[in-house]
Amino acid sequence: MIADLKDILRQEAEAIQAIPVGREYAEAVDIITERVNRQGGKVVVSGMGKAGQIGMNIATTFCSTGTPAVFLHPAEAQHGDLGIIQRNDVLLLISNSGKTTEILELIGLAKTLNPTLPLIVITGNAESQLAEMADVTLFTGGRPEVCPFGLTPTVSTTTMTVIGDLLVVSTMKAIGFTVEEYAMRHHGGYLGKKSAEKSNQ
């Protein structure tokens, strides 16, 4: 079992190291900082299933680091929640296959509401319809899942999470986000205490 666990760790680590990193990240950060941090919009993150859970984490992490963001469930968007989208927002879509029906439908609905809405996509399929529709595509690398069936989201969710971290941290640096600003958003718990200590140093 120990050998199996080490092999899983190796595959996950290799998948992270294999994430392609190029100019597309700078393009994504430029879109976010311009529309959200300068023009007053927000990042609207969406995904189904496990990708949606990753999206929720990305949205809350953006919020805590100076970039307003919300999670929009793609199915609920068809029942009124689409109204969360406003002028100057950015749509960040997550789909490993790049074929998720609800996400593809969301694009059509969102573009009808806001034709200038830019699309940033995180996907494991760089040749997918979703990737083709995006203004910026962030490719996970498409490594196989480590589950015995090759089906359970494992490697894909790991790489999606890491790409979210790349976006968040790069945006923090681009907007000059300070520890004092961080402390203003974290009043409780361990992080609240640590950020307050750092801001008072």
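Here are the criteria: (1) part of a loop (DSSP other than H, G, I, E, B); (2) without any contact (Cβ under 8 Å) to a residue 24 or more places away in the chain; (3) closer than 25 Å to VAL169 by Cβ. Tell me which single one PRO115 does not satisfy.
Among (1) part of a loop (DSSP other than H, G, I, E, B); (2) without any contact (Cβ under 8 Å) to a residue 24 or more places away in the chain; (3) closer than 25 Å to VAL169 by Cβ, the lone unmet condition for PRO115 is (3).
Tell me whether the range 181-188 contains one or more residues that are in contact with a Phe, Trp or Tyr (Cβ under 7 Å, 6 or more places away or on another chain), in a helix (DSSP H, G or I) and at pLDDT below 95.
Of the residues in the range 181-188, the ones in contact with a Phe, Trp or Tyr (Cβ under 7 Å, 6 or more places away or on another chain) are none.
Looking through the range 181-188, none of the residues is in contact with a Phe, Trp or Tyr (Cβ under 7 Å, 6 or more places away or on another chain), in a helix (DSSP H, G or I) and at pLDDT below 95.
LEU117 is checked against (1) aliphatic (A, V, I, L, M); (2) in contact with a Ser or Thr (Cβ under 9 Å, 6 or more places away or on another chain); (3) over 15 Å from ALA51 (Cα atoms) and fails just one. What number does that condition carry?
The one condition LEU117 does not meet is (2).
Considering only the range 2-64, give the helices (runs of 4 or more DSSP H) lying wholly within it that have at least 2 residues that are in contact with a helix residue (DSSP H, G or I) (Cβ under 9 Å, 6 or more places away or on another chain), open to solvent by less than 70 Å² (accessible area, probe 1.4 Å) and within 20 Å of ARG87 (Cα to Cα). Quick ask: steps written out before the conclusion?
Working: elements: 2-17, 23-32, 49-64.
Passing ranges, in order: 23-32, 49-64.
How many residues, within the range 153-176, are crowded, with 17+ Cβ neighbours inside 10 Å and part of a loop (DSSP other than H, G, I, E, B)?
Going through the range 153-176 one residue at a time, the tally reaches 2.
Report yes if GLY66 is of a type outside the set (Asp, Glu) and touching a His at 6+ places or on another chain (Cβ under 9 Å), otherwise no. Let's see the steps before the verdict.
Values: of a type outside the set (Asp, Glu): yes; touching a His at 6+ places or on another chain (Cβ under 9 Å): no.
So GLY66 does not fit the description; no.
Residue by residue through the range 118-143, note down the ones that are part of a loop (DSSP other than H, G, I, E, B) and free of Cβ contacts under 8 Å to residues at least 60 places away in the same chain.
Taking the range 118-143 first, the residues part of a loop (DSSP other than H, G, I, E, B) are 118, 124-128, 134-135, 140-143.
Correct list: GLY124, ASN125, ALA126, GLU127, SER128, ALA134, GLY142.
Return the residue satisfying two criteria in turn: it lies in the range 126-152 and is at pLDDT 95 or above and among the hydroxyl-bearing types (Ser, Thr, Tyr), and of such residues it is surrounded by the fewest Cβ atoms within 10 Å (Cβ to Cβ).
SER128
Suppose we filter ILE103, ILE94, ILE122 for residues that are more than 18 Å from GLY41 (Cβ to Cβ), touching a Phe, Trp or Tyr at 6+ places or on another chain (Cβ under 9 Å) and crowded, with 23+ Cβ neighbours inside 10 Å; which single one remains? Reasoning before the result, please.
Details: ILE103 fails: touching a Phe, Trp or Tyr at 6+ places or on another chain (Cβ under 9 Å); ILE94 fails: touching a Phe, Trp or Tyr at 6+ places or on another chain (Cβ under 9 Å).
Of the residues listed, the single one that is more than 18 Å from GLY41 (Cβ to Cβ), touching a Phe, Trp or Tyr at 6+ places or on another chain (Cβ under 9 Å) and crowded, with 23+ Cβ neighbours inside 10 Å is ILE122.
If we scan the range 73-95, do we find a residue that is of a type in the set (Val, Ile, Thr), out of contact with any Lys or Arg (no Cβ under 9 Å at 6 or more places or on another chain) and part of a helix (DSSP H, G or I)?
no
The values are calculated or read from the model by the stated rules, or taken from the named source; none is laboratory data. What you see is a predicted model; the values in this text were computed from it and never measured. We place every Cβ from the backbone using ideal geometry, glycine too, and count neighbours over all the protein chains shown. Keep in mind that these areas ignore ligands, DNA and RNA; they rest on the heavy atoms of the full protein, side chains included. Shrake-Rupley method; radii C 1.70, N 1.55, O 1.52, S 1.80 Å.
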